[in-house]
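Here the structure comes first, spelled out in structure tokens, and everything after it is commentary.
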Amino acid sequence: MAACFPTTNHIESSPPWNRNQQFSSMPSSASYASGDRVVRELLAEVEREKQREREQRKKAGLGTADIDAEDDEDYMGVVPLIETLEKENAKYVDPAILNMREEPTDSESDEDDHRFTYEAIEKRQEILQKKYKRHDELLKNFNKSDNIDDSFKWMNKIDKFEEKHLHLRPEYRVIGDLMNRLKDSTGK
């Protein structure tokens, strides 16, 4: 079976981020756009590879059912985790928040979508900046605490604040769950 990953000549040798760069308090939308572009290019490359393999097998007179079934396979067992997180999100998270990063389409209903107006983006950025400042204050108070009781108090406040205001995207939660599973299975 041919590899489903692009060869190294298609991927930049340096990482998409610069470790020596000073990180700003807000992620730039350009980094999201370039990251999305890279992901789309990689997915397109994988699809082209699969299509080439299908064509080669058809020319050789072989079936392509196993190639088609590859998409349905759950190699790492993450499907149950993702389903659990989706159910949890359906209960506790507003659907409008889940779809916040979606690009507008050309449909007529997008004319009513106010999420992408300049004012809405500015408002979300201002809210995020306030949350960042509050989180920074909590961390400073935690660092300045003199004894264990104060540290525990500030740690609990930070945990509650992060849980309420700084939600992790589902894919990061899945990654965290997988890392915890790995730690449990290896005993480290």
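The values are calculated or read from the model by the stated rules, or taken from the named source; none is laboratory data. Quick caveat: nothing in here was measured; it's all calculated off a predicted structure. Please note: Cβ atoms are built from the backbone with ideal geometry, for glycine as well, and neighbour counts cover all protein chains shown.
Summary table below
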read-out: Residue ranges of helices (runs of 4 or more DSSP H) in the stretch 1-101 with at least 1 members under 28 Å from LEU178 (Cα atoms), out of contact with any Pro (no Cβ under 8 Å at 6 or more places or on another chain) and modelled with pLDDT of 75 or more; value: 29-60, 65-70, 79-92
read-out: Boolean, LYS140 is outside any loop (DSSP other than H, G, I, E, B), basic (Lys, Arg) and surrounded by 13 or more Cβ atoms within 10 Å (Cβ to Cβ); value: no
read-out: Pair list, Cβ < 7 Å and 6+ apart or interchain, from the stretch 129-149 residues that are among the charged types (D, E, K, R) to residues that are surrounded by 11 or more Cβ atoms within 10 Å (Cβ to Cβ) and outside any helix (DSSP H, G or I); value: LYS131/LEU166
read-out: When residues of the stretch 156-188 are limited to those that are of a type in the set (Lys, Arg) and either surrounded by fewer than 10 Cβ atoms within 10 Å (Cβ to Cβ) or assigned to a loop (DSSP other than H, G, I, E, B) (or both), the one modelled with the highest pLDDT; value: LYS164
